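**Student:** Handing you a structure now.
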Amino acid sequence: MKTQGDPEEWFDVVDAEDRVVSSAPRSEVHRRRWRHRAVHVLVFNRRGELFLQQRSLAKDDFPGAWDSSSAGHVSAGDDYAPTVFREVAEELGVELEEAPIELFRLDAGDETAWEFCRVYLARHEGPFVLQASEVRGGGWFTAPAVDDWIARRPDDFSSAFRRIWSRFDRGLIPRLPAAVSNP
């Protein structure tokens, strides 16, 4: 949420139990390393491939790193679930047809840049219209390819994504029978 006359985003500052205690501008929240909220969305297609985004080089954290399909902060006064739809629409340029499934939650800490993260699974085939100010590029990858890439070059990825991927249950990857082709 931006306040009138203030171009900077505002975030809810939360305590160790993820309860709102105040709100502050993005720059202050990040500078002071206050706990705040974010969402990460893992978007899979019918072939079971994960869309990964490469973060813009202008990002203050992990510029140019590979990350979840869509990720973003929860604005002050908002909640996690509506943020998922907003972030996917902003970053990927699409509307989700089905409600994403919440997979798990991560506590705020160094690895998540002091964000309490809720991680969601969604399905979409693309194509995407990537928001240039947020996303440098992206692509579809199989789970084994992501596993291999992280093992070989972990610094190519944001620390939050590495944590998310280490917890992600590969059995949840949506798949259709091999006889069904992708349009």
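**Student:** Mean Kyte-Doolittle of at least -1.0 plus a Cα span of 15 Å or more along the axis: flag which DSSP H helices in the chain meet both, please.
**Tutor:** Flagged H segments are 80-92.
**Student:** With N set to the residue count of the chain, report its C-alpha Rg divided by 2.2 N^0.38 Å to two decimal places.
**Tutor:** Cα Rg divided by the expected 2.2 N^0.38 Å: 1.02.
**Student:** Now a separate question. Assigning unit charges at the beta carbon (Lys, Arg +1; Asp, Glu -1) and nothing else, what dipole magnitude in debye, to the nearest 20, does segment 10-168 show about its Cα centre?
**Tutor:** That gives a dipole near 320 debye.
**Student:** Right, something else. State the answer as a single residue: which of VAL29, VAL14, HIS40 lies farthest towards the positive end of the charge dipole of the chain, with beta carbon charges of +1 for Lys and Arg and -1 for Asp and Glu, about the Cα centre.
**Tutor:** HIS40
**Student:** A further question on this structure: Could you please rank ILE101, ILE164, placing first whichever residue has the fewest other Cβ atoms within 10 Å of its Cβ?
**Tutor:** Listing ILE101, ILE164 from fewest to most nearby Cβ atoms yields ILE101, ILE164.
**Student:** Take PHE161, PHE85 and order them by how many other Cβ atoms sit within 10 Å, fewest up front.
**Tutor:** Starting with the residue having the fewest Cβ neighbours, the order is PHE85, PHE161.
**Student:** Same structure again: Only helical DSSP H runs with n ≥ 4 go in: add -39500 (n - 2.57) per run for the chain, normalise by residue count and round the 222 nm mean residue ellipticity to 500 deg cm²/dmol.
**Tutor:** Per the formula, -6000 deg cm²/dmol.
**Student:** Give the order of PHE44, PHE62 when sorted by the count of other beta carbons within 10 angstrom, beginning with the fewest.
**Tutor:** Neighbour counts put them in this order, fewest first: PHE62, PHE44.
**Student:** May I ask you to list the GluC sites (Glu not before Pro) in segment 1-60 that are in a DSSP loop and have at most 14 other Cβ atoms within 10 Å of their Cβ?
**Tutor:** GLU8, GLU17
No lab work stands behind these numbers, since they all come straight from the coordinates. What you see is a predicted model; the values in this text were computed from it and never measured. All Cβ positions, even for glycine, are placed from backbone atoms using ideal geometry, and neighbour counts span all protein chains on display.
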